[in-house]
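First comes the structure, then the notes that go with it.
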Amino acid sequence: MSKKNSAGILLFNLKNDSPYVFLVHPGGPFWAKKDKESWSIPKGKFEDNENPLETAKREFTEETGFQIPNGEFIELEPLKQPSKKVIYAWALKGDVDADAIKSNSFEMEWPPKSGRKEEFPEIDRASWFNFNEARVKLHKGQVPFISQLEKLLGIKTVIDNSKDLNLRKDPQIT
């Protein structure tokens, strides 16, 4: 049986020759007030008998409501997470309107031990971030995907390690 590995799509695009990546924020009460190191690439779990790229495509659509943009899927090096789970990812150049996401949902007992079930979106919001912003927003275990994408694109971002980056609203990606 699988170790609950995940597969996802790292959607990217260029705005005024600057690269941006599309990230999603998990829904539900646990993540509601978390921002730094809580965003992710759209991804989901797959079993040993499933094709990771097909899983990545399916999960992208389920989590965002968007069809996969046409383009070349660029396989990134899988990343082993602190939990021992491995995330497989593919970079894809494309564009979507982050404000128009329509995520699937999940149900959980809320508040805890109340016996009441509440429904929450799996993804509550999405946004485009430049590479420095993405490094602050992403779960630590996914940050190396940004470095891999930089290398593939032949660019080098000056890393801004300041804790309080002035994070902008989504740029208009073309």
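When the Gaussian network model of the chain links Cα atoms closer than 10 Å, the mean-square fluctuations of P42, P111, P78 top out at P111.
Between D97 and R116, the modelled label-to-label distance comes to 3.4 nm, taking each label 7 Å out from Cα in the direction of the beta carbon.
Output the antiparallel fraction of DSSP beta bridges having both residues in the chain, as a percent to the nearest 5.
Roughly 75 percent of the DSSP beta bridges within the chain come out antiparallel.
Multiplying the sequence separation of N16 and V143 by 0.36 nm and subtracting their Cα-Cα distance, what value in nm do you get?
Values: separation 127, 0.36 × 127 = 45.72 nm, distance 2.31 nm.
Contour length minus the Cα-Cα distance gives 43.4 nm.
Could you state the angle between the C-alpha long axis of helix 144-153 and the longest principal axis of the C-alpha atoms of the chain, as a value from 0 to 90 degrees rounded to the nearest 10? The angle comes out at about 30 degrees.
Between I74 and R125, the simple spin-label model (points 7 angstrom out along Cα→Cβ) gives 2.8 nm. Net charge dipole, the chain: roughly 660 debye, given to the nearest 20, about the Cα centre with Cβ charges of +1 for Lys and Arg and -1 for Asp and Glu.
Quick one: grab the alpha carbon gyration tensor of the stretch 1-67, order the square roots of its eigenvalues as a ≥ b ≥ c, and give me rounded if a/c is under 1.5, else prolate or oblate depending on whether a/b is larger than b/c.
Values: a/c = 2.18, a/b = 1.26, b/c = 1.74.
Because a/c hits 1.5 or more and a/b fails to exceed b/c, the stretch 1-67 counts as oblate.
Have a look at P82, S147, N13 and report the one farthest towards the positive end of the charge dipole of the chain, computed about the Cα centre with Cβ charges (Lys/Arg +1, Asp/Glu -1). Of the candidates, P82 comes out farthest on the positive side. Extension gain for the segment A32 to S83, taken as residue separation times 0.36 nm less the Cα-Cα distance, is 16.1 nm to one decimal. The angle between the Cα long axis of helix 52-64 and the main principal axis of the chain comes to about 70°, on a 0 to 90 degree scale. Springs join every pair of Cα atoms under 10 Å in this Gaussian network model of the chain, and among P26, P112, P82 the largest mean-square fluctuation is at P112.
Relative contact order, whole percent, for the chain stands at 29, derived from Cα pairs under 8 Å and 6 or more residues apart. Using a Förster distance of 41 Å, how high is the FRET efficiency between E107 and E150, based on the Cβ-Cβ distance and rounded to 0.05? The formula returns an efficiency of 0.60 here.
Read-outs throughout are calculated quantities, based only on the coordinates presented, and are distinct from any laboratory measurement. Predicted model only: the values in this text are computed from it and were never measured. Positions of Cβ are backbone-derived with ideal geometry, glycine not excepted, and every protein chain shown enters the neighbour counts.
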